[in-house]
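Report on the structure given below.
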Amino acid sequence: MIAEAGHYALVLALALALIQSTVPIVGARLRDPALMNVARSTALAQLLFAGLSFLALTTLYVTSDFSVTNVFENSHSMKPLLYKITGVWGNHEGSMLLWVSILALFGGLVAAFGNNLPLSLRAHVLAVQGWIAAAFYLFILMTSNPFLRLARPPLEGRDLNPVLQDIGLAVHPPMLYLGYVGFSIAFSFAVAALIEGRIDAAWARWVRPWTLVAWIFLTLGIAMGSYWAYYELGWGGWWFWDPVENASLMPWLSGTALLHSAVVMEKRNALKVWTILLAILTFSLSLLGTFLVRSGVLTSVHAFATDPTRGVFILMILCLFIGGSLTLYMWRASSLKQGGLFAPISREGALVLNNLFLTTACATVFIGTLYPLALEMLTGEKISVGAPFFNLTFGPLFVPLLLAMPFGPLLAWKRGDLKGVTQRLMAAGIAALLAVALVWAWTTGGAALAPLAIGLGVFVIVGSIVDIAERVMLFRLPLSVAFRRARGLPRAAWGTAFAHAGIGVALIGIVCESTWNTEYIGTMQPNDVAKLAGYELTLKDVTQRQGPNFRESLARFRVTRGGDEIGEMTPSKRNFTARQSSTTEAALLSRGASQLYISLGEEAAGGAVAVRMYHKPLVLMIWWGPVLMAFGGLLSLSDRRLRVGAPKPAKASRALQPAE
Amino acid sequence: MTRKQRRLTMIGGALVVLAIAAGLVLNALRDSIVFFSTPQMVAEKQIPVGKRFRLGGMVEQGSLVRGDNLAVSFKVSDGGATLPVNYKGILPDLFREGQGVVAEGALDASGVFKADTVLAKHDENYMPKEVADALKKQGRWQEGSDGKPVMSQGSAKPVVTQ
């Protein structure tokens, strides 16, 4: 019953999406408010039915109803409740259902909180949302129905892929989808603006909070995924330039560019046409990411499905939306009026530079990801493009971007004073040079570029502190006055500083981890001692244990440094009976921002066990950086400016401001 | 500066960045891509010693030998030809005899493939795509009844109906 109800709810959601995608447009043509208001009610109803459908699938998973194919293939009655729930989106069908549910959620939010939007703009935006939703409901219903029944229900399920039975999976895909799908709002606003042929600064003010929300989730989602790969896959790597990772990085890069160009548009009414294009491109890259992951065209740990009909269907959706929106763009973009003038050296100029480097970096990732696919299709030759390619292209493009970053917020709008800004950034420059000298003196070995890269990271961090210090006139006014000024500073200024500093923090983490990472690989008997980066790791014993749906062998290590007891680490290897597969549960021990990492290999003869140990200096900074960036985004989101919607200071984005 | 000059400055700047990026991409594509081969292709083509490539195929049943200090050797075959592989380190969780594998490394002077990375990105019904394609070409591959590729010794699956 529940499966059929869920299926039916999905069909109803499709019907509502079809109404939502047509009636409001007709209403806008006829200037009929009643017809335009249909958009609001259908969007809310569609959210209700998509939500019900998702709830139905979750119920089937929780109650372990193995008469449903999807549950049978991806669940097991002995699985802990948490993983029964997260298993809902640990497979193709379920994750597509999550995708449309989040799309319906964003549509519903615009409908519920978009009361201060002009009626026709809201009608158009929701209609475009309706098109996207309808396409994906059709995709699910025709090629990936999660509610299919089995003729002869088996007694036990085949269990979820053990690698996915982890708390990381509970958080990573929903976060990522909130990011991907959140950009659909910016896309819908862009297409609506093109249809109406009208766009102004208020438009940017509406789009910015939505883009910011999507960007925050995408940032956290990518960071989560990277940390998950780090501790779950057991190789100690945190970024593999895997096509699936690139698929999430591309919308992030162009989304970051979009955030910055929307600032120019909002403040100075310039870069309109470019901002619209970026909004379209960002969501197109999100769709491309969905296509790459969901069609199974890639060889990758993430590609669960290998069914060509699905690939072709998503490819059609992709071509329809990207091709359609770009055609509309070419046709209508010239009707949008050009805005304010600015000199090349100015805040606007700096933001243009940011956009230039971000989109170019995004393009190199795009080429590196799709070139092997294109080559294989054209010549049949199989190649792989790995980390070296991206290090040689992406890296050099990010260096000028980071060098210019501290200058941006300090430059004035319209016409900036580069010399003045350079003088004000003197402190950051000196700090960076000191850092380079110190790192050079202290460390031996490693790439010669590493100290320079760390200096760049320090420059970026101190640069964002200088930005705040300049704004509050620290050391030039009495401390109490400076403090009062700091409190009165717009939240967006703090947000910028935190987000920019986050990039610097992540950069330092990345450089330290990849340059001074030490490893030990070998077989160990109980009471053997391994020495790693000044730590002694003693294997105490290896024991067997029975988990809920797996057996694991657990190794206990005593960690000491110069005789001082530091702690115990217990890596394990799990064997999952239902799937006949095993996973490595790495043990992590944090010391400040650095970590010790142990993962187990296979057991050798005579009670010996193969181990892989790493000392990863400052590795945690890689993820602290994105957290800082997301926090900066949150601060920006709570800025007063974004709350006061253009015509009426109503509740346009109140729902998005958690803290005040 | 006039509007036109400003626009030209910006377009010029953009072109410079794009040209640099294009140069970087072309340079990186020349140096850092890795080709994929099966044992059969290795036997047919003369791959020079020391040239890095990815080797894909099936780990031959009973060929896995563990030596001292984590040294392992196994044979990779694709039905047509077999190539011995040496590797030192811990094999991934999903590595098993009779299943697909992709290894990255180079041939040494004695014709043994010295791998420095072994990937086994698959579960019991998912194989590395390159391996599946290569095996399909040689007719060693059977499509499962539900369209999913199934190994010759693949387990029976319940019939899916609606």
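Evaluation of A:Leu401 against the conditions (1) out of contact with any Asp or Glu (no Cβ under 7 Å at 6 or more places or on another chain); (2) at pLDDT 90 or above; (3) more than 11 Å from chain B (Cβ to nearest Cβ) shows that the sole unmet condition is (3).
Name the single residue that is modelled with the highest pLDDT among those in the stretch A:221-242 being touching a strand residue (DSSP E or B) at 6+ places or on another chain (Cβ under 9 Å) and assigned to a helix (DSSP H, G or I). Among those that are touching a strand residue (DSSP E or B) at 6+ places or on another chain (Cβ under 9 Å) and assigned to a helix (DSSP H, G or I), it is A:Tyr230.
Here A:Leu292 qualifies as more than 26 Å from A:Leu637 (Cα to Cα), within 14 Å of chain B (Cβ to nearest Cβ) and under 17 Å from the mean Cα position of the chain (by Cα). Exactly one residue out of A:Gly225, A:Gly237 is over 26 Å from A:Thr275 (Cβ atoms), small (Gly, Ala, Ser) and crowded, with 22+ Cβ neighbours inside 10 Å, and it is A:Gly225.
Residue by residue, here is whether (1) under 30 Å from A:Asn37 (Cβ atoms); (2) surrounded by fewer than 24 Cβ atoms within 10 Å (Cβ to Cβ); (3) within 12 Å of chain B (Cβ to nearest Cβ); (4) of a type in the set (D, E, K, R) holds:
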{"position": "A:Thr86", "(1), (2), (3), (4)": "no, no, no, no"}
{"position": "A:Ser95", "(1), (2), (3), (4)": "no, yes, no, no"}
{"position": "A:Ser120", "(1), (2), (3), (4)": "yes, yes, no, no"}
{"position": "A:Ala123", "(1), (2), (3), (4)": "yes, no, no, no"}
{"position": "A:Val128", "(1), (2), (3), (4)": "yes, no, no, no"}
{"position": "A:Arg149", "(1), (2), (3), (4)": "no, yes, yes, yes"}
{"position": "A:Pro153", "(1), (2), (3), (4)": "no, yes, yes, no"}
{"position": "A:Asn161", "(1), (2), (3), (4)": "no, yes, yes, no"}
{"position": "A:Ala170", "(1), (2), (3), (4)": "no, yes, no, no"}
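Pairing residues of the stretch A:566-583 that are within 13 Å of chain B (Cβ to nearest Cβ) and assigned to a loop (DSSP other than H, G, I, E, B) with residues that are small (Gly, Ala, Ser) and crowded, with 17+ Cβ neighbours inside 10 Å, at Cβ distances under 9 Å and at least 6 apart in sequence or on separate chains, gives A:Pro571/A:Gly234; A:Pro571/A:Ala555; A:Pro571/A:Ala586; A:Pro571/A:Ala587; A:Pro571/A:Ser599; A:Ala578/A:Gly157. Is it fair to say B:Glu60 is buried (at least 16 other Cβ atoms within 10 Å of the Cβ), more than 26 Å from A:Val611 (Cβ to Cβ), modelled with pLDDT of 80 or more and not β-branched (Val, Ile, Thr)? When the stated conditions are applied, B:Glu60 passes them. Pick from the stretch A:69-84 the residues that are surrounded by fewer than 24 Cβ atoms within 10 Å (Cβ to Cβ) and either closer than 21 Å to A:Leu138 by Cβ or polar (S, T, N, Q) (or both): which of them is modelled with the lowest pLDDT? Here the residue is A:Ser77. Which numbered condition trips up A:Ile345, out of (1) more than 8 Å from chain B (Cβ to nearest Cβ); (2) surrounded by fewer than 22 Cβ atoms within 10 Å (Cβ to Cβ); (3) part of a helix (DSSP H, G or I)? That leaves (3) as the condition not met. Any idea which residue in the stretch A:584-610 is farthest from the other protein chains (Cβ to nearest Cβ), counting only those that are under 30 Å from A:Ser77 (Cα atoms) and small (Gly, Ala, Ser)? Ranking the qualifying residues of the stretch A:584-610, first place goes to A:Ala587. The number of residues in the stretch B:88-116 that are hydrophobic (A, V, I, L, M, F, W, C) and within 14 Å of chain A (Cβ to nearest Cβ) comes to 7. Criterion applied to A:Lys84, A:Lys79 was being among the basic types (Lys, Arg) and outside any helix (DSSP H, G or I), and the one residue passing it is A:Lys79.
Go through the stretch A:35-58 and give me each residue that's surrounded by fewer than 23 Cβ atoms within 10 Å (Cβ to Cβ), more than 28 Å from the chain's Cα centre (by Cα) and not aliphatic (A, V, I, L, M). Those that are surrounded by fewer than 23 Cβ atoms within 10 Å (Cβ to Cβ), more than 28 Å from the chain's Cα centre (by Cα) and not aliphatic (A, V, I, L, M): A:Asn37, A:Arg40, A:Ser41. Note on the stretch A:131-146: residues that are part of a loop (DSSP other than H, G, I, E, B) and of a type in the set (Gly, Ala, Ser) total 1.
Exactly one residue out of A:Glu519, A:Glu470 is within 27 Å of A:Trp239 (Cα to Cα) and either surrounded by fewer than 18 Cβ atoms within 10 Å (Cβ to Cβ) or without any contact (Cβ under 8 Å) to a residue 24 or more places away in the chain (or both): that is A:Glu519.
Would you call B:Arg52 more than 27 Å from the chain's Cα centre (by Cα) and not polar (S, T, N, Q)?
So B:Arg52 fails the test.
Tell me which residues, restricted to the stretch A:510-550, are within 14 Å of chain B (Cβ to nearest Cβ) and closer than 30 Å to A:Asn161 by Cβ.
A:Glu519, A:Tyr520, A:Ile521, A:Gly522, A:Thr523, A:Met524, A:Phe550
Scanning the stretch A:583-608 for residues that are in contact with a Gly (Cβ under 7 Å, 6 or more places away or on another chain) and closer than 14 Å to A:Ala555 by Cα gives A:Thr584, A:Ala586, A:Tyr597, A:Ser599.
The condition (being of a type outside the set (Gly, Ala, Ser), under 21 Å from A:Leu589 (Cβ atoms), crowded, with 21+ Cβ neighbours inside 10 Å and touching a residue at least 40 places away in the same chain (Cβ under 8 Å)) is satisfied by just one residue among A:Leu507, A:Leu532, A:Leu537: A:Leu537.
Listed conditions (1) modelled with pLDDT of 75 or more; (2) part of a loop (DSSP other than H, G, I, E, B) are all met by A:Leu298, apart from (1). Of the strands (runs of 3 or more DSSP E) lying entirely inside the stretch B:1-87, the ones with 2 or more residues being within 11 Å of chain A (Cβ to nearest Cβ) and in contact with a Lys or Arg (Cβ under 7 Å, 6 or more places away or on another chain) are found at B:33-37, B:71-77. Scan the stretch A:50-76 for residues that are within 14 Å of chain B (Cβ to nearest Cβ), over 14 Å from A:Leu98 (Cβ atoms) and in contact with a Phe, Trp or Tyr (Cβ under 8 Å, 6 or more places away or on another chain) and report the count. Residues flagged as within 14 Å of chain B (Cβ to nearest Cβ), over 14 Å from A:Leu98 (Cβ atoms) and in contact with a Phe, Trp or Tyr (Cβ under 8 Å, 6 or more places away or on another chain) within the stretch A:50-76 amount to 4. With a requirement of 2 or more residues that are buried (at least 21 other Cβ atoms within 10 Å of the Cβ), in contact with a helix residue (DSSP H, G or I) (Cβ under 7 Å, 6 or more places away or on another chain) and among the aliphatic types (A, V, I, L, M), the helices (runs of 4 or more DSSP H) lying completely within the stretch A:389-454 that satisfy it span A:426-442. From the list A:Glu156, A:Glu196, the lone residue that is more than 30 Å from A:Arg574 (Cα to Cα), of a type in the set (Asp, Glu) and modelled with pLDDT under 95 is A:Glu196.
When the stretch B:74-99 is filtered for residues that are more than 16 Å from B:Val42 (Cα to Cα) and touching a Leu at 6+ places or on another chain (Cβ under 8 Å), the ones remaining, listed by number, are B:Phe74, B:Lys88, B:Gly89, B:Ile90, B:Pro92, B:Glu97. Going by what's in this entry, would B:Leu70 be described as over 19 Å from the mean Cα position of the chain (by Cα) and buried (at least 17 other Cβ atoms within 10 Å of the Cβ)? Taking the combined requirement at face value, the residue satisfies it.
Scanning the stretch A:147-155 finds no residues that are assigned to a helix (DSSP H, G or I) and touching a strand residue (DSSP E or B) at 6+ places or on another chain (Cβ under 8 Å).
The values are calculated or read from the model by the stated rules, or taken from the named source; none is laboratory data. None of the values given here were measured: they were computed from a predicted structure. With ideal geometry, Cβ positions are generated from the backbone for all residues, glycine too; neighbour counts draw on all protein chains shown.
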